[in-house]
Amino acid sequence: MTKRASFAGLIRSGAPATGTFLKTPAHQTVELIAQTGLDFAVLDAEHAPFDPSQIDTCMLASQVADLPVLVRVPRNAPDTILSALDMGATGIFVPHVAYPDDAQRAAAAARYIGGKRGFSPSTRAGGYGTRGLRPYMEAADKEVCLILQIEDTEALDHLDAIASVEGVAGLFVGRADL
């Protein structure tokens, strides 16, 4: 099993994982990070100038280097989550999750079975149609790593409910935001 395919299991296990945020939209940076031994990287599409073609190129580099790469999407919206996952992101960081319904919306956007993720097996994530419909959907749902960012003080009153939403792999606390 590749590092990318087993990353969600690593996070869900509670084992330590070390990664970094990338603010430079260049595939070479992804390749260099893969050489460091870090467990993952996060492309910061919320606070850095990543456009879709740059995310796509970085995803290709991450697959070649077998480096799990997540995308911090600019907002909790199905289209931004879908786009990053279709390009091959290992997972998604969703900013400003303050309430359980925010978490449910993000989880639904990241899942096929029982969720609302738009389906197209013709993407990189779907192996350009070679993975088989049901096997692809099941593997994608199992392998996706959804991390929700706790950055708003309102979220502090709802942490248990946010964390208990099915499909959430972890919470990331934005200490400076709080």
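Any chance you could count how many residues in the range 55-105 are surrounded by fewer than 21 Cβ atoms within 10 Å (Cβ to Cβ), among the aliphatic types (A, V, I, L, M) and part of a loop (DSSP other than H, G, I, E, B)?
Number satisfying all stated conditions: 2.
For the range 36-54, give me each residue that is aliphatic (A, V, I, L, M) and either in a helix (DSSP H, G or I) or surrounded by fewer than 17 Cβ atoms within 10 Å (Cβ to Cβ) (or both).
L38, A48
Find the residue count for the range 10-27, including only residues that are surrounded by 14 or more Cβ atoms within 10 Å (Cβ to Cβ), assigned to a helix (DSSP H, G or I) and free of Cβ contacts under 8 Å to residues at least 40 places away in the same chain.
The qualifying residues number 2.
List the pairs whose first member sits in the range 112-139 and is at positive phi, whose second member is among the aromatic types (F, W, Y) and surrounded by 12 or more Cβ atoms within 10 Å (Cβ to Cβ), and whose Cβ atoms are under 8 Å apart, counting only residues at least 6 apart or on separate chains?
Between residues of the range 112-139 that are at positive phi and residues that are among the aromatic types (F, W, Y) and surrounded by 12 or more Cβ atoms within 10 Å (Cβ to Cβ), the close pairs are G127/Y136.
No lab work stands behind these numbers, since they all come straight from the coordinates. This structure is a prediction, so every number in the text was calculated from the model and none was measured. In this analysis, Cβ positions are derived from the backbone assuming ideal geometry, glycine residues included, and neighbour counts consider all displayed protein chains.
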